[in-house]
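Working notes, beginning with the structure itself.
Here, each number is a calculation from the coordinates, and none is a lab measurement. Nothing here was measured: the structure is a model prediction, and the numbers come from that model. Cβ: placed from backbone, ideal geometry, glycine included. Neighbour counts: every protein chain shown.
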């Protein structure tokens, strides 16, 4: 736990899409802590949400959300799950949101890190302690070393090193968290479209004969940005990432250990082993 985390309080989980909000809730229960989901309407899975104590909230309902979190006794809160950046016009306005409009508008005028930092300050100003996955559910973080039967060979390690160098160089521009490198060539960099579409783009390039390397070479490298607030938007991979790697014809994935979330790790590892891919956790 961080110094600000309160192990006796209910943990509020502001939940977007995907399975990770529910994995966090299950791990908290196993540790004897009480999770409470604040499910974002239009993103979080209604069927899964029904299995946990919860409230539904719309994007931008700052006043409603903070009132509900206080009512449920939440001291710590964690953001987890997928969420598409909203336009200001899409935000539901309640009184709390109206008061926060200047801060929200300012947060929207930048990259993802800028947005998340701005939103976090709004909640902290209401007295909540924002914590990261490493504080409440470290089991979901990628360990160091390969979790698959295969490990990267010398060529793959060289591609991984180049990918990490590139990500460090572009990190200040707050663009993306992933790059594809094949035989020393930077093929594609993640942008607002996300990792799944990055891999789909590589698959299209291969189908169009723009990539000459044979299938089974090259890597996807995912890293957090330099000086990223590790409470938010950590790089994430799961079974769907493996499907994308297969379609893109790559050899595997290199991700930073302790700084990457893994969804459905057992399923993901089994799929990677079946496809003959490696998934390896890189040292900091």
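Per-peptide packing, taken as the mean over residues of other Cβ atoms within 10 Å, places 74-83, 208-217, 162-171 in the sequence 74-83, 162-171, 208-217 from highest down.
Binning the C-alpha pair distances of the stretch 147-215 at 5 Å intervals from 0 yields a P(r) profile of 3, 16, 23, 23, 22, 11, 2, 0 %, listed from the shortest bin outward.
When peptides 186-193, 252-259 are ranked by their average number of other Cβ atoms within 10 Å per residue, the highest-first order is 252-259, 186-193. Gain on full extension, evaluated as 0.36 nm per residue between residue 155 and residue 58 minus their Cα-Cα distance, stands at 30.2 nm. Extending 7 Å from Cα along the Cβ direction at residue 247 and again at residue 230 yields two label points whose distance is 3.2 nm. Segment residue 185..residue 121, full-extension length gain: 19.1 nm, with 0.36 nm per residue of separation and the alpha-carbon distance subtracted.
In plain terms, the chain from residue 51 to residue 31 could stretch by 5.4 nm, reckoned as 0.36 nm per residue minus the Cα-Cα distance. Using equal-weight Cα scatterers in the Debye expression, the normalised intensity of the stretch 141-282 in log10 at q = 0.17, 0.20 Å⁻¹ is -0.85, -1.22.
Applying 1/(1 + (r/R0)^6) with R0 = 30 Å to the Cβ-Cβ distance of residue 192 and residue 270, what FRET efficiency is obtained, to the nearest 0.05? Walk me through the intermediate numbers first.
Details: r = 31 Å, r/R0 = 1.04.
Rounded to the nearest 0.05, the efficiency is 0.45.
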